[in-house]
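Every read-out reported here was derived from the displayed coordinates using simple, explicitly stated rules and does not represent laboratory data. Note that the structure is predicted; figures quoted are calculated from it, not measured. In this analysis, Cβ positions are derived from the backbone assuming ideal geometry, glycine residues included, and neighbour counts consider all displayed protein chains.
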Amino acid sequence: MLLILCALLFSSAPVHASDESDVRETVNRVFEQLKSHDYGSLYDALPGSSRSRMSRDRFVNALQRAQGIYELSRIEVGAIKVAGNLAVVDTVLFGSVTVPVQAEGKIVAQQYLVREEGKWRVATGDQGTIKKFLAANPGFAKGFKIRAPRIFVKQDEKWLEFTPPTNRRRT
């Protein structure tokens, strides 16, 4: 969904409750920006390295092309883990798919944030940075399991996991 992140320096500073509340506030604000199609503000929430790799116009146009395919309705913010200048947040995003068929859906995903210049910025989607962080901080992954996003569709009042078809050729 969102592209992101930069090289990080991680401190061993203790986590304060304000860190968690600031992270929660950032995740909720970014969700509202995405939900309301405020893509320019969403671009501003990206880390500097992401903004340097992609122009505002390219970012905004990519998200505008996806408009109409899905409609977000709400977010649930779960566990938050802060380690220095990185945070990982368990979230569930609810909404509906409108194309090619209409269906209720949810995405269970972790959101990654980085603190730059005193502000939390969304770093979800930058696998290179996430892998780099985990390699440099193996204890972080032990305390907070990193998981791939999972997509669910509601059918007969039950949530069923959606597994996209693979493009593998049979031999």
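Remarks
- By the equivalent-ellipsoid construction on the alpha carbon gyration tensor, region 15-118 comes out with semi-axes of 25, 19, 10 Å, ordered largest to smallest.
- Approximating the spin labels as points 7 Å out from Cα along Cα→Cβ, the Ser36-to-Ala135 distance works out to 4.0 nm.
- 13 Å Cα-Cα reach of Lys154 towards aspartates and glutamates, excluding residues that sit fewer than 8 places from it in its own chain: Glu104
- Estimated inter-spin distance, Lys145 and Glu104, nm [label 7 Å along Cα→Cβ]: 2.6
- Checking the Cα-Cα distances for Lys35/Lys106; Lys81/Lys158; Lys35/Lys158; Lys81/Lys145 against a 21 Å cut-off, the pairs over it are Lys81/Lys158; Lys35/Lys158.
- With 0.36 nm allotted per residue and the present C-alpha distance subtracted, the Gln155-Arg56 stretch has 31.9 nm of extension available.
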